[in-house]
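Accompanying notes for the structure given below.
The values are calculated or read from the model by the stated rules, or taken from the named source; none is laboratory data. The structure presented is a predicted model; accordingly, all values stated were derived computationally and were not measured. Don't worry about glycine lacking a Cβ; one is built from the backbone with ideal geometry, like all the others, and counts go over all protein chains shown. Heavy atoms of the whole protein, side chains included, go into the accessibility calculation; ligands, DNA and RNA do not. Shrake-Rupley method; radii C 1.70, N 1.55, O 1.52, S 1.80 Å.
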Amino acid sequence: MEQIRNATIKQHLIDPETCIQCNTCKSVCPEDAISNDTGKYVVDPDKCTSCMKCIPNCPTGAIENWRMVPHSMAYSLETQIAWDALPRELTAGELSAAGGPDTKEPEAEVSKPSKNVQGRPLSDLNIGSTLPPWSAAHPYTNLYGPENPITATVTGNMRVTDMDWEYDTHLIVLDFGSIPFPVLEGQSIGVITPGVDATGKPHHIRQYSVSSARDGEREGYNNLSLTVKRVNKNREGNPVHGVASNYVCDLKVGDTLKVTGPYGKSFLMPNHPGSHIVMICTGTGSAPMRGMLHRRDRLRRSGKFTSGKLMLFFGARTKEELPFFGRLHKIPKDLVDVNIAFSRTPGQPKTYVQDLMRERSADLAVLLADPDTYYYICGLRSMEEGVIQTLREIAEQAGVNWNALSQELKNKGRLHIETY
Ligand SMILES: Cc1cc2nc3c(=O)[nH]c(=O)nc-3n(C[C@H](O)[C@H](O)[C@H](O)COP(=O)(O)OP(=O)(O)OC[C@H]3O[C@@H](n4cnc5c(N)ncnc54)[C@H](O)[C@@H]3O)c2cc1C
């Protein structure tokens, strides 16, 4: 016990200065270690297992903070709540004086081993990369925060799902006028919904993926688009009124709104000729894929980029629910290989994106073995496990060692996951 008390832990902390309280970390933590009872997001050192599940989707990087402290002096939740800024690192001398290991002692770090959550192999839980592809363009991040948001003007709001159905998804075009707001495909922005929540605090910022290319929804314009689904049912199917999605979907041309960001440093597309992109998405998870497709299409039309395969696996319950359904069929076949799965078409067998991936396993196996292929998974959180499992099956059937490949995908920024 004495040994553990004196050992040093690497304590996971959230930077209160850059956290935009978007709730992403808390919503994915499998240990319930992250709380925000007072509004501020804090990590319980007794619950955190360092599983790293919360790291990839944090838009600001506030989640990527650790401090070495003696186990007996781990920062409590109350201490973290009182902070306006993170404490500095303790020096080796301070650590030693406080009862931590001195440099002569063997390594005594006791950050707890990550658990195998729901029986899944650890490597499959943390497979998403936090590194961008080597040839990705440099992203700008956090240019505008909650204290200094940028004002955008709505210049378009178009419904992109069937009018007669309850599923209501909109393509919203935001214009930034003469103020620079540089984004890359795969990045997201934050939307500040006016008003306060039930506790009287400002609504937390919701993130939306950019669904246009870096040079604008309209090429050469300082604008971008979002693809937003109106949330009117929760995941259990009960009626709810999603705060931000309804606000955004109801915006009219000419309205202004407050925006933060841009966010995201790794879910970025490769830029080198010959790089292949495999996009696997459901619903509004198609937003970043749309941006990437526009980018490649524009490069291709200008004759600057002619090599590199694009594959899209896109799933929804029905065709009425699938954003951009009609337009998808107009995409040039030689630009992208489109595979669409519907899981609730009356009278048809349920088909998920994984089923189509299996059907295309011969092509995917070739791409998996190619170091120039980059994978992007975006959409419903529930799709993540099945898609990864399918990639694993395809690799193993092709005789590829999955453990080695998954490490490679992660370490080389070749597999990116954004689910919500
Ligand atoms: C990195 C990132 C990118 C995102 N990109 C997009 C995007 O491009 N388009 C998009 O539409 N959304 C996107 N989201 C989700 C978005 O940020 C909001 O979470 C979503 O719009 C719901 O917010 P809300 O304020 O309307 O609902 P809330 O008021 O936050 O929630 C109301 C209720 O609905 C439930 N709920 C929340 N989200 C959903 C959902 N998606 N489906 C069903 N029930 C839900 C909640 O549990 C709650 O009970 C993204 C999220 C992240 C983290």
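Can you tell me how many residues in the range 376-413 are under 16 Å from the mean Cα position of the chain (by Cα) and among the acidic types (Asp, Glu)?
Initial filter on the range 376-413 (under 16 Å from the mean Cα position of the chain (by Cα)): 376-385, 387-388, 410, 413.
Going one step further and asking which of them are among the acidic types (Asp, Glu), we end up with 384-385.
Count: 2.
Which strands (runs of 3 or more DSSP E) sit wholly inside the range 134-216 and have at least 3 residues that are at positive phi and within 14 Å of the ligand (Cβ to nearest atom)? Can you show your working first?
Numbers: elements: 150-159, 169-175, 188-192, 206-209.
Here the list is empty.
For the range 160-213, which positions are within 18 Å of the chain's Cα centre (by Cα) and either surrounded by fewer than 19 Cβ atoms within 10 Å (Cβ to Cβ) or of a type outside the set (A, V, I, L, M, F, W, C) (or both)? Let's see the steps before the verdict.
First, the residues of the range 160-213 that are within 18 Å of the chain's Cα centre (by Cα): 183-191, 204-213.
The answer is Glu185, Gly186, Gln187, Ser188, Gly190, His204, Arg206, Gln207, Tyr208, Ser209, Ser211, Ser212.
Considering only the range 13-26, how many residues are at positive phi and within 11 Å of the ligand (Cβ to nearest atom)? Quick ask: steps written out before the conclusion?
First, pick out the residues of the range 13-26 that are at positive phi: 21, 23.
Checking the rest, the ones that are also within 11 Å of the ligand (Cβ to nearest atom) come to 23.
Total meeting the criteria: 1.
Which members of the range 39-80 meet the condition of being within 16 Å of the ligand (Cβ to nearest atom), under 29 Å from Gly93 (Cβ atoms) and open to solvent by 30 Å² or more (accessible area, probe 1.4 Å)?
Glu64, the sole residue that qualifies.
Filter the range 227-243 down to the residues that are within 6 Å of the ligand (Cβ to nearest atom), touching a residue at least 40 places away in the same chain (Cβ under 8 Å) and either assigned to a loop (DSSP other than H, G, I, E, B) or not polar (S, T, N, Q) (or both) and list them by number. Talk me through it step by step, then tell me what you get.
Residues of the range 227-243 that are within 6 Å of the ligand (Cβ to nearest atom), as a first pass: 227-229, 231, 234-235, 240, 242-243.
Next, only the ones that are touching a residue at least 40 places away in the same chain (Cβ under 8 Å) stay: 227-229, 243.
Those that are within 6 Å of the ligand (Cβ to nearest atom), touching a residue at least 40 places away in the same chain (Cβ under 8 Å) and either assigned to a loop (DSSP other than H, G, I, E, B) or not polar (S, T, N, Q) (or both): Val228, Lys229, Val243.
Could you figure out which of (1) assigned to a loop (DSSP other than H, G, I, E, B); (2) over 16 Å from the mean Cα position of the chain (by Cα); (3) not aliphatic (A, V, I, L, M) isn't true of Asn246?
Here Asn246 clears every test but (1).
Are there strands (runs of 3 or more DSSP E) fully within the range 253-372 with at least 2 residues that are within 16 Å of the ligand (Cβ to nearest atom) and open to solvent by less than 60 Å² (accessible area, probe 1.4 Å)? List them. Let's see the steps before the verdict.
Numbers: elements: 256-263, 276-282, 310-316, 337-342.
So the answer is 256-263, 276-282, 310-316.
Just to check your reading of the model, which residue among Ala85, Ala136 is within 26 Å of Tyr263 (Cβ to Cβ) and either at pLDDT 95 or above or open to solvent by 80 Å² or more (accessible area, probe 1.4 Å) (or both)?
Numbers: Ala85 fails: either at pLDDT 95 or above or open to solvent by 80 Å² or more (accessible area, probe 1.4 Å) (or both).
Being within 26 Å of Tyr263 (Cβ to Cβ) and either at pLDDT 95 or above or open to solvent by 80 Å² or more (accessible area, probe 1.4 Å) (or both) holds for just one of Ala85, Ala136, which is Ala136.
Considering only residues that are crowded, with 18+ Cβ neighbours inside 10 Å and within 16 Å of the ligand (Cβ to nearest atom), look in the range 27-38 and name the one that is nearest to Asp197 (Cα to Cα).
Ile34
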